[in-house]
Amino acid sequence: MELVPGSERIRAARDASPAAGRVCWAKPRSLWIGSLTLAALAGGPLTFAWDAFALFLATSAITLCFGHSVGMHRRLIHSSFHCPRWLEYLCVYLGTLVGMAGPIGMIRFHDFRDWAQRQADCHDYFCHRRSFWQDAWWQLHCELVLDRPPRFALEPRLANDRFYAFVERTWMAHQLPWALLFFTIGGWSWLVWGVCVRVSVCVIGHWLVGHFAHRQGGQDWIVEGAAAQGYNVKLAGLISMGEAWHNNHHAFPGSAKLGLFPGQMDPGWWLIKAFEAAGLATDIKLPADLPARKQLRRLADPLAGEAVLAEPRYAVR
Ligand SMILES: [Zn+2]
Ligand SMILES: [Zn+2]
């Protein structure tokens, strides 16, 4: 049986707490992003060239859109659409190249945070409540060790997948073949901009969007009783591949479309539509396809209630 996607992978016993825990230095991840950022800061200006900059932009866009947003988040984590296994593997591999974690690590990280944010109270780490610089240190270099964590159970389809197990074990090493290729074609400037600058900008950018998307910005929906609300970070809509429409995502986690209102640019959605046009994506879920949530309240029209979910504009394909 396939579990319903999202934080349903988290099985919380009655005494499980999303609030009690301590933030500890996450040594491997900290050294990884710390050294890549230092290499980018030192090597980036020294090796700047316009072709290397173009490589940085193109590889960032491909890994963020195909990989992080569509492959990891909308497909693997939320199953918001279906696609052939080879396409899922390709997109998830590209998501691993963003340099944040392997596929299983990403699911775990996402689902723990999702579960914690939906509870009545949660740790400051999960809610991005601390100051800008402390949140940067916590999210990029540390991890939260809960005193009484819930159980995390991956669905068998993913738990028994040998490709994902391999990519999970080796996620950092997957930068190496690309580093070698870029070095062979364009020397140091391609290696520094195509790997070090790209990974550090994407990982730090992901944290920045996550920081603001839980603190300030546009809100059309409130999830009643949740410790953390999502906000739309307008400025980052396009460059985050649509992920910055985070208020919509908190309201409709299973929707493949994140930019729900006119003007909310959503490149990840455009890519899923392109997959669909090519016959590669089916069963694409929109807010109207999801079960109604009694905790969901629309801010602009508090009386609209569940009728809003069935509004045709959310179902525009
Ligand atoms: Zn969130
Ligand atoms: Zn999500």
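The values are calculated or read from the model by the stated rules, or taken from the named source; none is laboratory data. All figures in this text were calculated on a predicted structure; none of them were measured in a lab. Glycine also receives a Cβ, built like all others from the backbone with ideal geometry; neighbour counts cover every protein chain displayed.
Data overview
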item: Pairs, first on the phi < 0 side of the Ramachandran plot in the stretch 162-175, second aromatic (Phe, Trp, Tyr), C-beta under 8 Å, six or more apart; result: Phe163/Tyr89; Val167/Tyr93; Met172/Trp32; His174/Tyr93
item: Where a residue in the stretch 60-87 is part of a helix (DSSP H, G or I) and away from ligand 2 (no atom under 16 Å from the Cβ) and its partner, wherever it lies, is among the aromatic types (Phe, Trp, Tyr) and modelled with pLDDT of 95 or more, with Cβ under 8 Å and at least six apart; result: Leu87/Phe275
item: Pairs with Cβ under 9 Å, 6+ apart, first in the stretch 128-157 and touching a residue at least 12 places away in the same chain (Cβ under 8 Å) and under 25 Å from Leu38 (Cα atoms), second in a helix (DSSP H, G or I) and among the polar types (S, T, N, Q); result: His128/Gln139; Leu140/Ser30; Leu140/Thr37; His141/Ser30; Cys142/Ser30
item: Selection within the stretch 149-164 - at pLDDT 95 or above and in contact with a Gly (Cβ under 9 Å, 6 or more places away or on another chain); result: Tyr164
item: Set Ala227, Ala300, Ala256: member being away from ligand 1 (no atom under 16 Å from the Cβ), in contact with a helix residue (DSSP H, G or I) (Cβ under 7 Å, 6 or more places away or on another chain) and assigned to a loop (DSSP other than H, G, I, E, B); result: Ala256
item: Residue in the stretch 168-185 that is part of a loop (DSSP other than H, G, I, E, B) and closer than 30 Å to Thr47 by Cα present; result: yes
item: Cross-chain or 6+ apart pairs with Cβ under 6 Å, the stretch 270-295 first and part of a loop (DSSP other than H, G, I, E, B), then of a type in the set (Val, Ile, Thr); result: Ala281/Ile272; Gln295/Val223
item: Matching residues, the stretch 193-218, being part of a loop (DSSP other than H, G, I, E, B) and buried (at least 18 other Cβ atoms within 10 Å of the Cβ); result: His214, Gly217
item: Out of His78, His82, sole residue that is modelled with pLDDT of 95 or more, more than 30 Å from Trp188 (Cβ to Cβ) and within 16 Å of ligand 1 (Cβ to nearest atom); result: His78
item: Residues of the stretch 255-298 classified as among the small types (Gly, Ala, Ser) and either modelled with pLDDT under 95 or surrounded by fewer than 17 Cβ atoms within 10 Å (Cβ to Cβ) (or both), total; result: 7
item: Condition met for Leu158 (farther than 23 Å from Ala54 by Cα and surrounded by fewer than 22 Cβ atoms within 10 Å (Cβ to Cβ)); result: yes
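Residue-by-condition table, conditions (1) closer than 25 Å to His174 by Cα; (2) touching a Gly at 6+ places or on another chain (Cβ under 6 Å); (3) within 14 Å of ligand 1 (Cβ to nearest atom); (4) of a type in the set (Lys, Arg):
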residue	(1), (2), (3), (4)
Tyr89	yes, no, no, no
Gly95	yes, yes, no, no
Ala101	yes, no, no, no
Ile107	yes, no, no, no
Asp111	yes, no, yes, no
Gln117	no, no, yes, no
Asp121	no, no, no, no
His128	no, no, yes, no
Phe132	no, no, no, no
